[in-house]
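The values are calculated or read from the model by the stated rules, or taken from the named source; none is laboratory data. Just so it is clear, the model here is predicted, and its values are computed rather than measured. Reconstructed Cβ throughout: ideal geometry from the backbone, glycine too, with neighbour counts over all protein chains shown.
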Amino acid sequence: MAVRKILVVGGSGFIGTRLVQLLGGATDCRVMVPTRRYERAKHLLVSPVVSVVQADIHDDAMLSQLVAEADVVINLVGILHSRPARGGQPYGADFERQHVILPRRIAAACARHGVPRYLHMSALGADANGPSMYLRSKAAGEREALAAPGVEVAVFRPSVVFGEGDHFLNLFAGLQKRFPVIPLGSAQARFQPVYVGDVAQAFGKAVTLPHVGGKIYELGGPRQYSLRELVQLAGWYSGHRRPIVALPPALGLLQAWMLERLPGKLMSRDNVASMRVDNVMSTRIAPELELVPTALEAVAPACLAPYNPQRQFDTFRSNARR
């Protein structure tokens with residue numbers, strides 16, 4: 001499949017930044033990243049093949065124009081929190097806009113303009129009958145993406161993604177830096193963390209694979225961990241290991257209710273509901289992705305350790321495979 005231009009929606013975020021860097025350095029095609037605020041995506045302009053376009057992807061005319069220029073469209077847009085569902089709806093308005101309506105509009109634009117391939121980011125545990133609004137909205141988004149007529153659509157379902165600047169391990173490292181004890185709800189919940197560089201490689205490989213239509217790719221690391229174990233590792237690697245007190249379910253929900261009312265919304269009751277389902281793979285990583293998952297222990301220590309110039313240089317060099 002000849003690819004001349006790739007549109008990466010959500011390309012300025014944590015995963016998108018790594019993917020755009022990979023595509024910009026490993027391919028000869030043009031990579032286009034739309035963003036509402038140009039300043040937030042300037043860091044991507046390190047390759048002559050990458051361009052940043054100030055655009056509102058929720059504007060139909062603008063989205064249609066962007067998609068019309070692409071050979072492959074990648075959608076990485078995702079959020080963790082939403083306003084509550086109303087009137088018996090399965091998910092709130094924010095989840096609906098970002099996880100359901102946007103994939104529907106992207107898929108329709110791909111079909112309308114004859115774009116042959118659409119790669120869609122979902123999440124492990126996506127299920128129309130899942131316990132959380134997040135998981136139900138992710139499942140609805142998959143259905144919308146896969147319904148695009150005449151378009152090869154592949155769905156990616158990663159577990160929680162870690163790496164330099166992530167919002168998962170760094171969150172727990174930061175909390176342990178500030179507080180002497182960490183009360184933890186859903187401490188027994190299980191995850192299979194996947195390295196951000198591996199997620200980027202999986203998407204990059206799928207850009208040119210011969211056939212990906214209808215595929216659902218699960219992505220995870222080589223090991224499973226409980227949430228308690230991950231919080232412990234975050235504290236250990238950051239140099240601020242604290243005692244962890246596992247909360248019973250009722251107190252865990254109360255903690256989430258309180259946290260979702262604070263600025264930044266560190267946690268929500270919907271997040272707690274998502275953790276009722278183990279966030280682990282049901283099968284091995286598809287062999288065609290040619291991906292050997294990176295161990296969390298190989299990357300997280302350098303990402304979370306207190307700032308050290310030499311350590312930071314070693315991390316960058318390792319990530320560049322040098």
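Candidates are the residues of region 263-282 that are modelled with pLDDT under 95 and out of contact with any helix residue (DSSP H, G or I) (no Cβ under 6 Å at 6 or more places or on another chain); the one that is farthest from PRO193 (Cα to Cα) is PRO263. The residues in region 63-83 that are outside any loop (DSSP other than H, G, I, E, B) and of a type in the set (Gly, Ala, Ser) can be counted, and the count is 2.
Just to verify a result, which residue in region 17-62, among those that are among the hydroxyl-bearing types (Ser, Thr, Tyr) and outside any helix (DSSP H, G or I), is surrounded by the most Cβ atoms within 10 Å (Cβ to Cβ)? Checking each candidate, the answer is THR35.
Residues that are in contact with a Leu (Cβ under 9 Å, 6 or more places away or on another chain), outside any helix (DSSP H, G or I) and crowded, with 22+ Cβ neighbours inside 10 Å do occur in region 145-153, at least one of them.
Where helices (runs of 4 or more DSSP H) sit wholly within region 213-308, those with at least 3 residues that are within 20 Å of the chain's Cα centre (by Cα) and within 30 Å of LEU146 (Cα to Cα) occupy 269-274.
Selection over region 99-114 of residues that are more than 25 Å from LEU219 (Cα to Cα) and of a type in the set (Val, Ile, Thr) gives a count of 0. Of all positions in region 186-193, at least one carries a residue that is buried (at least 17 other Cβ atoms within 10 Å of the Cβ), within 30 Å of ARG86 (Cβ to Cβ), touching a residue at least 24 places away in the same chain (Cβ under 8 Å) and not basic (Lys, Arg).
crowded, with 17+ Cβ neighbours inside 10 Å and either touching a residue at least 60 places away in the same chain (Cβ under 8 Å) or assigned to a loop (DSSP other than H, G, I, E, B) (or both): does that describe GLY141?
Values: crowded, with 17+ Cβ neighbours inside 10 Å: yes; either touching a residue at least 60 places away in the same chain (Cβ under 8 Å) or assigned to a loop (DSSP other than H, G, I, E, B) (or both): no.
No: the conditions fail for GLY141.
Taking the criterion of being surrounded by 23 or more Cβ atoms within 10 Å (Cβ to Cβ) and part of a helix (DSSP H, G or I), the residues of region 110-133 that qualify are CYS110, MET133.
Against the test of being touching a residue at least 12 places away in the same chain (Cβ under 8 Å) and more than 19 Å from the chain's Cα centre (by Cα), the options ASP127, ASP94, ASP71 yield a single qualifying residue, ASP71. Selection over region 21-61 of residues that are among the polar types (S, T, N, Q) and modelled with pLDDT of 90 or more gives a count of 4. The one condition from (1) under 22 Å from the mean Cα position of the chain (by Cα); (2) in contact (Cβ under 8 Å) with a residue 12 or more places away in the chain that ARG83 does not meet is (2).
Look at ARG104 and say whether it is basic (Lys, Arg), assigned to a loop (DSSP other than H, G, I, E, B) and in contact with a Gly (Cβ under 9 Å, 6 or more places away or on another chain). The answer is no for ARG104.
Taken over region 195-252, the criterion of being under 12 Å from PHE172 (Cα atoms) and of a type in the set (Asp, Glu) is satisfied by GLU229 alone.
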